[in-house]
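Taking it in order: structure first as structure tokens, then the write-up.
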Amino acid sequence: MNLITDDWRLKLLAVGLAVLMLGAVAFSQNPPQTKTFSVPLSYTVGPDLVIINAPTKTSVTVTGLADLIATMTVDRIQAHVDATHVSPGGDVKLNVVATSLVTGVNIPLQPSPFTANIDRLTVDALTVQPIDHAGPGWEVTKSEALCPASPCVVHFSGPASWEVNMRAVSIYSSPIEKSTFDVPTWPVNLQQGSTTLDQSKFALNQPISFLDMGSISLHIEARTGTTSRSVALVDSAPVHPPPAGYRVTGVVIAPVTVILTGPADKLSLVQYLSLQPVDLSSSTTNATFNVQITFPNGMSGSVAVAKITYLISANPNTG
């Protein structure tokens with residue numbers, strides 16, 4: 001009994017010192033540490049609001065013992081923004097609340113707040129406008145966007161400011177050179193004035209902005225258009241040549257060319273126009289004829305009558 005009670009104060013002090021030394025050794029092997037993570041942000045937004053280009057991550061610094069920090073991962077931290085009690089504006093302050101999901105790992109200082117552009121969330125109904133162009137010599141007579149009926153109406157959900165002067169278009173850039181043209185699937189683009197919106201940026205908003213229909217069908221009808229070009233007039237061989245002893249030494253045609261107008265696909269096939277042949281059997285001197293110009297079916301010309309003069313002279317080989 002004396003072994004325990006004798007000098008009990010010194011013995012109690014020795015035990016206390018031993019415990020402190022053991023704690024110091026353990027603490028030196030597992031000291032407190034800090035580590036900073038880039039944490040994805042989650043949002044709660046009022047039902048009629050949208051955050052434009054909302055930040056996707058924030059920096060969060062955690063503290064804890066070394067063994068806990070060593071195994072800490074970003075998915076064990078939550079960072080949330082509550083935007084349910086704010087009003088629209090271009091410079092709205094939003095707070096971030098970060099939480100550790102691991103006991104013993106703490107967040108001594110909350111992430112810095114940030115300012116955001118907040119707008120009203122609206123849904124706009126837009127009629128898709130097909131945009132196309134005809135190839136040379138063609139004209140588009142009908143152009144429809146189908147989804148599946150026409151007119152095709154799509155809906156955009158996003159910031160109200162984006163929907164000012166917004167239109168939905170489906171742009172087919174290749175020239176139309178067929179009477180009927182069908183495209184089963186073609187993308188829909190959104191334009192604000194003449195600027196096409198980058199739809200990849202829709203995902204940066206909170207909630208994400210979206211178009212409820214990203215593609216539609218196109219039905220296009222076209223016909224060959226009317227065009228004009230200059231075509232040369234040429235003479236035909238006479239029905240009968242000049243009398244014996246005479247010959248043709250030259251031909252003068254006025255005008256030399258005419259402007260031919262007609263369907264482009266047919267007009268491209270016409271290289272020249274041949275004048276009707278004449279009879280020179282009684283011509284021993286220069287002879288002039290007014291000849292009606294014959295145009296291909298469905299075409300017309302700038303001049304209806306041509307003047308053709310044959311230069312005739314005696315054959316020097318005839319004596």
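The values are calculated or read from the model by the stated rules, or taken from the named source; none is laboratory data. Remember, predicted model here, so these are calculated numbers, not experimental data. FYI the Cβ positions are ideal-geometry reconstructions off the backbone, even for glycines, and counts take in every protein chain you see. Calculation scope for accessible area: heavy atoms of the full protein, side chains included, ligands and nucleic acids excluded. Shrake-Rupley method; radii C 1.70, N 1.55, O 1.52, S 1.80 Å.
Some points to look at:
- Scope the stretch 98-116; condition out of contact with any helix residue (DSSP H, G or I) (no Cβ under 9 Å at 6 or more places or on another chain) and either touching a residue at least 40 places away in the same chain (Cβ under 8 Å) or of a type in the set (S, T, N, Q) (or both); matching residues: A98, T99, N106, I107, P108, L109, Q110, P111, S112, F114, T115, A116
- Boolean, F289 is surrounded by 11 or more Cβ atoms within 10 Å (Cβ to Cβ), among the aromatic types (F, W, Y) and under 30 Å from E139 (Cα atoms): no
- The condition of being open to solvent by less than 60 Å² (accessible area, probe 1.4 Å) and on the phi < 0 side of the Ramachandran plot holds for only one of A244, A254, that being A254.
- Output for the stretch 77-96, where each listed residue is surrounded by fewer than 16 Cβ atoms within 10 Å (Cβ to Cβ), over 17 Å from Q110 (Cβ atoms) and of a type outside the set (G, A, S): T84, H85, D91
- Residue identified as of a type in the set (S, T, N, Q) and in contact with a strand residue (DSSP E or B) (Cβ under 8 Å, 6 or more places away or on another chain) among S282, S217: S217
- The stretch 146-198: number of residues that are open to solvent by less than 40 Å² (accessible area, probe 1.4 Å), out of contact with any helix residue (DSSP H, G or I) (no Cβ under 8 Å at 6 or more places or on another chain) and closer than 14 Å to G214 by Cα: 9
- Checked against the criteria, I131 counts as open to solvent by less than 70 Å² (accessible area, probe 1.4 Å), under 30 Å from S268 (Cβ atoms) and either touching a residue at least 12 places away in the same chain (Cβ under 8 Å) or not small (G, A, S) (or both).
- Test: residue in the stretch 200-219 that is touching a Phe, Trp or Tyr at 6+ places or on another chain (Cβ under 7 Å), open to solvent by 70 Å² or more (accessible area, probe 1.4 Å) and not acidic (D, E): yes
- S112 outside any strand (DSSP E or B) and under 34 Å from the mean Cα position of the chain (by Cα): no
- Scanning the stretch 55-69 for residues that are polar (S, T, N, Q) and open to solvent by 50 Å² or more (accessible area, probe 1.4 Å) turns up T56, S59, T61.
- Strands (runs of 3 or more DSSP E) wholly inside the stretch 238-292 that include at least 3 residues being in contact with a Leu (Cβ under 7 Å, 6 or more places away or on another chain), within 20 Å of K307 (Cβ to Cβ) and touching a residue at least 40 places away in the same chain (Cβ under 8 Å): 246-254
- Within the stretch 292-313, if we keep just the residues that are of a type in the set (V, I, T) and open to solvent by 40 Å² or more (accessible area, probe 1.4 Å), the residue that is farthest from G225 (Cα to Cα) turns out to be V305.
- Matching residues in the stretch 261-275 - criterion: being at pLDDT below 95, in contact with a strand residue (DSSP E or B) (Cβ under 9 Å, 6 or more places away or on another chain) and not hydroxyl-bearing (S, T, Y): G262, P263, A264, D265, K266, L267, V270, Q271
- Taking the stretch 143-171 as the range and being in a loop (DSSP other than H, G, I, E, B) and modelled with pLDDT under 95 as the test, the residues that pass are C147, P148, A149, S150, P151, V164, N165.
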